[in-house]
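Data block below; observations after.
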Amino acid sequence: MKIHASILFVFVLVISAFSSKSLAGDSAFSVSFGPVQIGDSRVPLELNDFKVEKEFKSPFVKSNLIKGSVQWIRSSSNLLTPRARMGIHILKNQNNIHIEFGGKNVIPQKRGKYLYTELFVNLFDPGVIKIVQSNTVIEKLHTFSEIIDKKKNTKLIDYSCVRYGLNIKGLDDVYMSVGCRLERVGTWGYEKPFLEVTFSATNISLINGKKPPFTTFIKDNSPVSFKVVDQEGKHRSVQLEARLPKRLNRVKTAFGFGPAGLYGESVIKKDDWKIAPVLYLYGKLELTRHTSVRVFDALAYNKTIFNNSGFYFAYQLADALDGRLEIVPLLGAQGLYFKQGDGLSEAQNKVIFPQGAEINYKNAFGVENYLISFGIFLSTQSDVEYTNTWVRWGKGPFWEFNYITWGQNGYVSKMAGLSIGLPLMNFF
């Protein structure tokens, strides 16, 4: 394998190792012990909107939410929820005091004449913190929200939901987080969507007292309606709606076109750069959530013909930035055809084996469904010079810049241009 190809795959593996550290584990409890996956929130959350209340009004216990400690974490159910550190002062110095929270028994640290500890508290599902001396509960701490600015946006609709037009009515005055996960149901070729929606909110519970998070499953565009109880004991009607396609296709195709500069060289003649129209075709067969088979073809013609096609297996190797940045290796082979327009040079019809990778930045710069991709193929053969790079950006229709250079047995072809891509057909 050539040195530059080796560098490419070392780069991919390094990013994979770095990304995996940020994915190590998540928290399903109100208190966070151990590593969690840090998420990205688009809703500014103010700690001033949250209050800690002492149930027994004990003068020996003081608590506060620590400024600047808010983190959004993603659970195994794909739900972003905020946590913050709570500092707890216990104005006693006995050895028989501990804190019960989230199924754990926490021993506070001695600091002179008082005890102190900090706990990560899930602000959307804080639970109850019990201060226990011997076998007696001397205090219970409750956290609740009290939003000061009633006009600000308090709903976090995760990027995993935006393509389904998710909308929730009836909870406009509480902090809320919603996450989605789409599954396929039905036989291959006739699959339909099955959307799992998980959400959590402050100060509410179901009629029977069950606390969030809550989960519902949606198969069509019919709304989901239910009742909740708020902190004041009032019943509220909540409605959740989504827009789902009737079918989920595994095969997606697109085409692109645009002008490009085309250069050709053979053992007997060199051509200058000239403008040529280029047609691009793209195809993708989704095998699983993280694997696919992809094909492409690029055809440039202006007396000289240059055609480059490829067939590749793609898989998501790693992701970072809360899943918005993903690394996708591409393993396969390509066909290449080149013929100068002078009628003298022989046509070159080759099978080559460049390998590559693609870096995708989803929902780029905070724009929903906006994608920026950078990809590269490099030659793995000592007798073939080949580089294929592209940058793609947009949502639905997209723009793409391509640069391809190939050289073998005294023949050289280069192509560089900007094109626009459009969806073509989806099936199966």
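Laid out as a table, the results:
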| read-out | value |
| --- | --- |
| Rounded to whole Hz, the Karplus (6.51, -1.76, 1.60) HN-Hα couplings of segment 223-228, x for glycine and proline | x, 9, 10, 7, 10, 9 |
| Debye equation applied to the C-alpha atoms of segment 115-172, log10 I(q)/I(0) at 0.20, 0.21, 0.27 Å⁻¹ | -0.94, -0.99, -1.22 |
| Rg(Cα)/(2.2 N^0.38 Å) for segment 276-428, N = residue count | 1.11 |
| Cα-Cα separations in segment 112-262 greater than 28 Å, expressed as whole percent | 42 percent |
| Cα pair distances of segment 348-420 binned at 5 Å [whole percent] | 4, 15, 21, 20, 14, 12, 7, 5, 2, 0 |
| 5 angstrom amide H check on A318, placed H, neighbours 5+ away | I327 |
| Selected from K211, K67, K362 as most flexible by GNM, with the chain as the system and alpha-carbon contacts under 10 Å | K67 |
| Cα pair distances of segment 242-326 binned at 5 Å [whole percent] | 3, 11, 15, 13, 15, 13, 11, 9, 6, 3, 1, 0, 0 |
| Listed residues M176, F226, P354: farthest to the positive end of the dipole of the chain (Cβ charges) | F226 |
| Calculated [θ] (222 nm, deg cm²/dmol) that DSSP helices of n ≥ 4 give over the chain, each run adding -39,500 (n - 2.57) | -1500 deg cm²/dmol |
| Two-decimal Rg/Rh across segment 153-195, once Rg and the Kirkwood Rh are taken from alpha-carbon atoms | 1.13 |
| Residue-by-residue Karplus 3J(HN,Hα) for segment 290-299, coefficients 6.51, -1.76, 1.60, Hz, glycine and proline x | 10, 10, 7, 10, 10, 10, 8, 8, 10, 10 |
| For segment 220-266, the fraction of alpha-carbon pairs in successive 10 Å shells from zero, as % | 16, 19, 17, 14, 13, 10, 7, 3, 0 |
| Cα-based Rg / Dmax (Å) for the chain | 28.7, 97 |
| Residue among A318, T304, V384 farthest towards the positive dipole end of the chain, charges placed on Cβ | A318 |
| Total formal charge among the other residues, if their Cβ is under 11 angstrom from that of L330, Lys/Arg +1 and Asp/Glu -1 | 0 |
| The chain: angle of helix 3-22 to the longest principal axis, Cα-based, in degrees nearest 10 | 10 degrees |
| Among F60, F338, F50, residue whose mean-square fluctuation peaks in a GNM of the chain (springs only between Cα atoms under 10 Å) | F60 |
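Where a number appears in this text, it was derived from the coordinates with a stated rule and is not lab data. Since we're looking at a predicted model, the values are computed, not measured. Neighbour counts are summed over all protein chains in view; Cβ atoms, including those assigned to glycine, are modelled from backbone coordinates with ideal geometry.
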